[in-house]
1. Output wanted: per-residue J couplings in Hz (rounded whole) for the stretch 211-228, from phi through Karplus 6.51 cos²θ - 1.76 cosθ + 1.60, θ = phi - 60°, x for Gly and Pro.
2. If the elastic network links every pair of Cα atoms under 10 Å, which of 84, 211, 60 fluctuates the most in the Gaussian network model of the chain?
3. Over what distance in Å are the Cα centres of the stretch 93-152 and the stretch 185-220 separated?
4. Using just the helices of the chain, give the 222 nm mean residue ellipticity in deg cm²/dmol: DSSP H runs with n ≥ 4 each add -39,500 (n - 2.57), and the total is spread over all residues, rounded to 500.
5. Output the antiparallel fraction of DSSP beta bridges having both residues in the chain, as a percent to the nearest 5.
6. For residue 170 and residue 102, FRET efficiency with R0 = 25 Å and r from the beta-carbon atoms, rounded to 0.05?
7. Given the peptides 7-15, 330-338, arrange them by the average over their residues of other C-beta atoms within 10 Å, most packed first.
8. For the chain, what is the charge dipole size about the Cα centre, in debye to the nearest 20, if Lys and Arg each add +1 at the Cβ and Asp and Glu each add -1 at the Cβ?
Amino acid sequence: MQTDTLIIGAGAAGLMCAAHAPGHVLIVDHAKKPGEKIRISGGGRCNFTNMYCEAHAFLSQNPHFAKSALARYTQWDFVELVDSYGIKWHEKTLGQLFCDVSAKDIVAMLLDLCAKNDAEVRLETSVKAIEQNADGYSATLVTGSTQTRLSFKNLVIATGGKSIPKMGATGFAYDVAHQFSIPVTDIRPALVPFTFPENRFTPLAGVALPSRVTAGAGQFDEAMLFTHRGLSGPAVLQASSYWVEGDVITLNIDPANTLMQALRDKRQTSGRKNLTTELATLLPGRLVEFLTDELALSGNLADQSDARLGQICEALQNWQLSPNGTEGYRTAEVTLGGVDTDALSSKTMECKDVPGLYFIGEAVDVTGWLGGYNFQWAWASGMACARSL
Ligand code: FDA
């Protein structure tokens, strides 16, 4: 049978595209199973979209690029699809929608849609020697020891970014872009924990608290977590997407701005009590212990002037930290940057100068916040491409 479209990468974007593309579609992946990142996402429950999905939640050199695809396939379209399969879901927090039971239900849904669309899914298959010719493209597919040369009209690259190489992530999309002289922006790990010299925060590992974390133009009010190697948790992961090496990040561990009043009140009622003991009723004890030296905390509450309490609170609201790096692609949820959007049609994801070549999903320079945005981009860009084929 003549193949109309070859999709490389059976992840979120590729499966969505294969499920809706017309003609004979072949989708290949070098992994043993399709949609592995979907399966492990959201702690096995897949945060499959976000109720508040809008273009401002995406980073890209061209912040307008994602608008068209996101508007033409919205979070509510995906929710309708999920509902039509009877998959139960709930909002966890901040508009983040998760499966009630298992992320595997999303993978099964996409595979069922592919089957209904007669799209052929071929796993443990890699692709080499891609060539463009007068009728479209040809490439060699390698499955085990079998090699087949295949011709097809459209080539869709849906191989994602470099995050989590252990799960089969590769820079394949960037290599294909390079082959066809399509520019790729600088890429780096994002939604990734920060590391610090000499494992500075090891004594605090496991301590979690509400925070406001700022890095560059990004500011997020969510929970944060101290780890053996540094900082993690949603607010920190979010901020990491805005961080460039050498930047200082600002931690505010009193984002509700209630600490000063609480300490004053305690000074009134329990002035003879120790400052650190009382602070430990308002903040995690291990954190107070850690800060005792850093902020030279000593004496009774009654000994602390308003100015001194203000100084302590200011330090906790404006804690300047210099990460020495991130945990890198090994644990990053996404890759920031990718195929330059200037080279693509925002309506179809087709390369402007290379007819029939498409890039979708994480491979493109569109990176969402934490919270279901990246899957929504995968669904929307996959759909934009499918509709145009
Ligand atoms: P994806 O990475 O899904 O798929 C790419 C596919 O291409 C893979 O199947 C891979 O095997 C294949 N491939 C790669 N190179 C190849 C090659 N050379 N030849 C053949 N095949 C190749 N997002 C979100 O919105 N909500 C969430 O809950 C989470 N949770 C989450 C948890 C974890 C641990 C990670 C790592 C990531 C998330 N994400 C997320 C991000 C989300 O998983 C990601 O943005 C999407 O999966 C991207 O979809 P793509 O289809 O573009 O790539």
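1. Result, rounded to whole Hz: 7, 10, 10, 10, 9, x, 8, x, 9, 9, 9, 8, 6, 10, 9, 7, 10, 4.
2. The residue with the greatest mean-square fluctuation here is 84.
3. Here the two parts' Cα centres lie 34 Å apart.
4. Working: 12 runs with 118 residues, N = 389.
One gets -9000 deg cm²/dmol as the mean residue ellipticity at 222 nm.
5. Details: 49 of 65 bridges.
If we restrict to bridges inside the chain, about 75 percent are antiparallel.
6. Numbers: r = 27 Å, r/R0 = 1.07.
Calculated transfer efficiency: 0.40.
7. Values: 7-15: 30.4, 330-338: 22.3.
Ranked from most to least packed, the peptides come out as 7-15, 330-338.
8. Values: 32 positive and 40 negative charges, 124 e Å.
The dipole of the chain has a size of about 600 debye.
Every number in this text was worked out from the coordinates using simple rules, so none of it is lab data. Keep in mind the model is a prediction, meaning the values are calculated, not measured. Note: ideal-geometry Cβ built from the backbone for every residue, glycine included; neighbour counts use all protein chains shown.
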